[in-house]
1. Residue 162 versus (1) touching a helix residue (DSSP H, G or I) at 6+ places or on another chain (Cβ under 6 Å); (2) surrounded by fewer than 20 Cβ atoms within 10 Å (Cβ to Cβ); (3) within 23 Å of residue 42 (Cα to Cα): which is the lone unmet condition?
2. Assess whether residue 208 counts as being without any contact (Cβ under 8 Å) to a residue 12 or more places away in the chain, over 20 Å from the mean Cα position of the chain (by Cα) and outside the structural domain of residue 109 (by TED's automatic domain parsing).
3. State the number of residues belonging to segment 195-210 that are surrounded by 14 or more Cβ atoms within 10 Å (Cβ to Cβ) and either touching a strand residue (DSSP E or B) at 6+ places or on another chain (Cβ under 8 Å) or at pLDDT below 95 (or both).
4. Just for strands (runs of 3 or more DSSP E) wholly inside segment 55-133: which have at least 3 residues that are in contact with a strand residue (DSSP E or B) (Cβ under 8 Å, 6 or more places away or on another chain) and modelled with pLDDT of 95 or more?
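The values are calculated or read from the model by the stated rules, or taken from the named source; none is laboratory data. Quick caveat, the model's predicted, so the values are computed rather than measured. Here the Cβ positions follow ideal geometry from the backbone for every residue, glycine too, while neighbour counts run over all protein chains shown.
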């Protein structure tokens, strides 16, 4: 089968496409014929060996996929060959087949195409957990979403608006903010041209109730400074490059709750909250929610797809399509 391969840590341009053996069916696991895989920022970190955990080379990148069940291991119940499923894994998604534990899969909600499904699960679960499980969002609250035009950011804006929040999208251009407003953002801030803290204060009055931050870097502290007394700040990652050092006196003086949220471990450690998230997200899909898909690339162009995410100029998800 054809697969993208990271043979040495480096940049998107270093990723190649090779013929490798198809995966074997294992007990408790399912083999999926992958039709589409999404590119996530964490894939870039794994390729560069800059994530919190390492994946030994050589490996196939990709953590999010959609396809059809091709093989079922011993002990797996409730799933049949041919079922449309989407799932996530640490790596391995950018290939024509992947083998994963059965619990890593879920039925594709009716209404989502394979391309949409490939870019839905990780971003939407991350956004939902950040807003609801970690952020304890309540309808009518002011929510600031940094990196609002990215895959996770755009999903978070959409979910927050559907939950009744007043959303402030933070992104890098008027064009990207316009897409966020189509998803339900009430206001937008171009952090390349405007003072982030001042704008949040002017829009909200007392400050933000909740900040969702997948960016970090130099934008985390001004966003934290714009949180109201007793507000919440949820950090999801550091797409901006640098891990920020937050003055704890800000947390103390404003009685702010700061939480970290990493979807891979939260889905495992919080099964009841994850089941609730899945049900709520399925309802939103039935009501018309769809992921923003920016571009679709063939597997042979996977290096370009990865670079497009690294450039951070697109709005929404980049998808890699498998040919057969």
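1. All conditions are met except number (3).
2. On the way: without any contact (Cβ under 8 Å) to a residue 12 or more places away in the chain: no; over 20 Å from the mean Cα position of the chain (by Cα): yes; outside the structural domain of residue 109 (by TED's automatic domain parsing): yes.
Considered against the rule, which asks whether it is without any contact (Cβ under 8 Å) to a residue 12 or more places away in the chain, over 20 Å from the mean Cα position of the chain (by Cα) and outside the structural domain of residue 109 (by TED's automatic domain parsing), residue 208 comes out as no.
3. First, the residues of segment 195-210 that are surrounded by 14 or more Cβ atoms within 10 Å (Cβ to Cβ): 196-197, 199-201, 203-204, 207-210.
From what is left, the residues that are either touching a strand residue (DSSP E or B) at 6+ places or on another chain (Cβ under 8 Å) or at pLDDT below 95 (or both) are 196, 199-200, 203-204, 207-210.
Of the residues in that region, 9 qualify.
4. On the way: elements: 64-72, 84-88, 97-101, 105-107.
Passing ranges, in order: 64-72, 84-88, 97-101.
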